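Participant: Would you mind keeping the following structure in view while I ask a few things?
Taken together, the values in this text are just the output of simple stated rules run on the coordinates, not laboratory data. Source: prediction; values computed, not measured. Because the Cβ atoms are built from the backbone with ideal geometry, glycine has one as well, and the counts that use them run over all protein chains shown.
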Amino acid sequence: MAQTGKRPLSPHLQVYRWGPHMLVSILHRAMGDGMAIVGALLFLWWLGAAASGPEAYQSFVGIIWQAPDSASLSVTNWIGRAVLIGLTLAFFQHAASGIRHLLLDTGAGYELKTNRSWSVIVAILPALFTAILWIAIFWGAL
Amino acid sequence: MGSGTRLGRVRGLGSARTGTHHWTMQRVTAIANLALMVWLIVSLVTSDFSTHADLVRWLSKPIAAVPMALLAISVFTHLRLGLTVLIEDYVHGEAAKLASLVALTFYSWGGLIFALFCIAKIAFAGVANVGQ
């Protein structure tokens, strides 16, 4: 940096008033990259166990969900289920936000009020979808 | 080459010389991911895959194996593009950035080939295994 005089600085994140569009923007990245690592590795573990045979698959199910010969849940089952719930929330968040981006790509939704209301919907809807999905799953299991 | 004007040859390539390929692929795989992930979630929720035989019986059918393979291709393409941007944005040192991008290449291609091999193995050997 040769010139360090009193030149105007580019405004950075903290000078802007926080809004829903900023929240869904960073959530989109966080959820997407989270799924890219945690979700993809779990997907590969699942397929790898299935392709390795009944014992490997039983061991996978026993670690993540519930051992077939056990009536109660182990510590890893609780962690596994929490990760699965987190992944579905991440999926719904990233999908809703992704649909918003596809619509924005068409040139629509840049009016301030429209942009704000889409962002609020994208922030709230995924939590609702996740709750409905998991209530349905555990309702069926009970 | 030799065909077209100079302008015609560079149009759409931009300053990075790779043009809009990344942007387009990100969106095309996003649409595919959306459809295929809804299929996967519906399949997992509506079926009981707690035993190996149940899963293999399902995944050995073409109607399940083919979408699963397409899902793997679309997801690993999409995550490679997404993580590439993450690295480009947040990893600033040239050496660290290069190493991260190489690691990502290995991860995304290794993961994809692993997934496709597993799906193919179940699809081609599945019926014989379950029949026992």
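Participant: With the condition being acidic (D, E), I'd like the helices (runs of 4 or more DSSP H) fully within region A:9-124 carrying at least 1 qualifying residues. Explain how you work it out, then say what you get.
Facilitator: Numbers: elements: A:20-34, A:40-52, A:54-64, A:75-105.
Where helices (runs of 4 or more DSSP H) fall fully within region A:9-124 and carry at least 1 residues being acidic (D, E), they are A:20-34, A:54-64, A:75-105.
Participant: Just checking, does region B:71-80 include any residue being of a type in the set (F, W, Y), touching a Gly at 6+ places or on another chain (Cβ under 9 Å), surrounded by 12 or more Cβ atoms within 10 Å (Cβ to Cβ) and without any contact (Cβ under 8 Å) to a residue 60 or more places away in the chain?
Facilitator: Just the residues of region B:71-80 that are of a type in the set (F, W, Y), to begin with: B:76.
Those left that are additionally touching a Gly at 6+ places or on another chain (Cβ under 9 Å): B:76.
Filter once more, keeping what is surrounded by 12 or more Cβ atoms within 10 Å (Cβ to Cβ): B:76.
In the following step, the residues that additionally are without any contact (Cβ under 8 Å) to a residue 60 or more places away in the chain were identified as B:76.
Looking through region B:71-80, at least one residue is of a type in the set (F, W, Y), touching a Gly at 6+ places or on another chain (Cβ under 9 Å), surrounded by 12 or more Cβ atoms within 10 Å (Cβ to Cβ) and without any contact (Cβ under 8 Å) to a residue 60 or more places away in the chain.
Participant: May I ask you to verify whether B:L86 is in contact with an Asp or Glu (Cβ under 6 Å, 6 or more places away or on another chain) and part of a helix (DSSP H, G or I)? Full working, then the answer.
Facilitator: Details: in contact with an Asp or Glu (Cβ under 6 Å, 6 or more places away or on another chain): yes; part of a helix (DSSP H, G or I): yes.
Against the criterion (in contact with an Asp or Glu (Cβ under 6 Å, 6 or more places away or on another chain) and part of a helix (DSSP H, G or I)), B:L86 qualifies.
Participant: Restricting attention to region B:59-80, which residues are more than 10 Å from every other protein chain (Cβ to nearest Cβ) and in a helix (DSSP H, G or I)?
Facilitator: Here is the first cut: in region B:59-80, the ones more than 10 Å from every other protein chain (Cβ to nearest Cβ) are B:60-67, B:69-70, B:73-74, B:77.
Residues satisfying the conditions are B:P62, B:I63, B:A64, B:A65, B:V66, B:P67, B:A69, B:L70, B:I73, B:S74, B:T77.
Participant: Turning to a different aspect of this structure: Is it the case that some residue within region A:30-38 is aliphatic (A, V, I, L, M), under 30 Å from A:K113 (Cβ atoms) and in contact with a helix residue (DSSP H, G or I) (Cβ under 9 Å, 6 or more places away or on another chain)?
Facilitator: From region A:30-38, those aliphatic (A, V, I, L, M) are A:30-31, A:35-38; that's our starting set.
Next cut, under 30 Å from A:K113 (Cβ atoms) only: A:30-31.
After this cut, where a residue has to be in contact with a helix residue (DSSP H, G or I) (Cβ under 9 Å, 6 or more places away or on another chain) as well, the list is A:30-31.
There is at least one residue in region A:30-38 that is aliphatic (A, V, I, L, M), under 30 Å from A:K113 (Cβ atoms) and in contact with a helix residue (DSSP H, G or I) (Cβ under 9 Å, 6 or more places away or on another chain).
Participant: Residues of region A:114-123 being more than 17 Å from A:A30 (Cβ to Cβ) and not basic (K, R), which ones? Give the steps one after another, and end with the answer.
Facilitator: The first filter runs over region A:114-123 and keeps only residues more than 17 Å from A:A30 (Cβ to Cβ), leaving A:114-118, A:120-121.
Of everything in region A:114-123, those that are more than 17 Å from A:A30 (Cβ to Cβ) and not basic (K, R) turn out to be A:T114, A:N115, A:S117, A:W118, A:V120, A:I121.
Participant: Let me ask something additional. Is it the case, given these coordinates, that A:W139 is loosely packed, with under 14 Cβ neighbours inside 10 Å and more than 12 Å from every other protein chain (Cβ to nearest Cβ)?
Facilitator: Values: loosely packed, with under 14 Cβ neighbours inside 10 Å: yes; more than 12 Å from every other protein chain (Cβ to nearest Cβ): no.
Answer is no for this residue.
Participant: Please tell me if B:L98 is away from chain A (no Cβ under 11 Å) and over 24 Å from A:I26 (Cβ atoms).
Facilitator: Numbers: away from chain A (no Cβ under 11 Å): yes; over 24 Å from A:I26 (Cβ atoms): yes.
Judged against the criteria, B:L98 is a match.
Participant: Yes or no: region A:25-42 includes at least one residue that is of a type in the set (D, E, K, R) and within 13 Å of chain B (Cβ to nearest Cβ).
Facilitator: In the first step, residues of region A:25-42 are kept if they are of a type in the set (D, E, K, R); the result is A:29, A:33.
Subsequent filtering for residues that are within 13 Å of chain B (Cβ to nearest Cβ) retains A:29, A:33.
So far as region A:25-42 goes, yes, one or more of its residues are of a type in the set (D, E, K, R) and within 13 Å of chain B (Cβ to nearest Cβ).
Participant: Now for a different question. Condition check: under 27 Å from A:T130 (Cα atoms), of a type in the set (S, T, N, Q) and not in a loop (DSSP other than H, G, I, E, B). Does B:S50 satisfy that? Break it down stepwise before answering.
Facilitator: Working: under 27 Å from A:T130 (Cα atoms): yes; of a type in the set (S, T, N, Q): yes; not in a loop (DSSP other than H, G, I, E, B): no.
No; evaluated as a whole, the condition is false for this residue.
Participant: Further question: Please work out if A:A51 is touching a Lys or Arg at 6+ places or on another chain (Cβ under 8 Å) and either hydrophobic (A, V, I, L, M, F, W, C) or more than 24 Å from B:A120 (Cα to Cα) (or both). Talk me through it step by step, then tell me what you get.
Facilitator: Numbers: touching a Lys or Arg at 6+ places or on another chain (Cβ under 8 Å): yes; either hydrophobic (A, V, I, L, M, F, W, C) or more than 24 Å from B:A120 (Cα to Cα) (or both): yes.
It is true that A:A51 is touching a Lys or Arg at 6+ places or on another chain (Cβ under 8 Å) and either hydrophobic (A, V, I, L, M, F, W, C) or more than 24 Å from B:A120 (Cα to Cα) (or both).
Participant: Continuing with this model, one more query. With B:L59, B:L116 as the choices, which residue is surrounded by 14 or more Cβ atoms within 10 Å (Cβ to Cβ) and over 28 Å from A:W139 (Cα atoms)?
Facilitator: Details: B:L59 fails: over 28 Å from A:W139 (Cα atoms).
Among B:L59, B:L116, only B:L116 is surrounded by 14 or more Cβ atoms within 10 Å (Cβ to Cβ) and over 28 Å from A:W139 (Cα atoms).
Participant: Return the total of residues in region B:52-91 being aromatic (F, W, Y) and out of contact with any Ser or Thr (no Cβ under 8 Å at 6 or more places or on another chain). Quick ask: steps written out before the conclusion?
Facilitator: Within region B:52-91, the subset aromatic (F, W, Y) is B:58, B:76, B:90.
Remaining after also requiring out of contact with any Ser or Thr (no Cβ under 8 Å at 6 or more places or on another chain): B:90.
Within region B:52-91, residues that are aromatic (F, W, Y) and out of contact with any Ser or Thr (no Cβ under 8 Å at 6 or more places or on another chain) number 1.
Participant: With A:A56, A:A71 as the choices, which residue is farther than 22 Å from B:A30 by Cα, surrounded by fewer than 17 Cβ atoms within 10 Å (Cβ to Cβ), more than 8 Å from chain B (Cβ to nearest Cβ) and touching a helix residue (DSSP H, G or I) at 6+ places or on another chain (Cβ under 6 Å)?
Facilitator: Details: A:A71 fails: touching a helix residue (DSSP H, G or I) at 6+ places or on another chain (Cβ under 6 Å).
Going through A:A56, A:A71 in turn, just one is farther than 22 Å from B:A30 by Cα, surrounded by fewer than 17 Cβ atoms within 10 Å (Cβ to Cβ), more than 8 Å from chain B (Cβ to nearest Cβ) and touching a helix residue (DSSP H, G or I) at 6+ places or on another chain (Cβ under 6 Å): A:A56.
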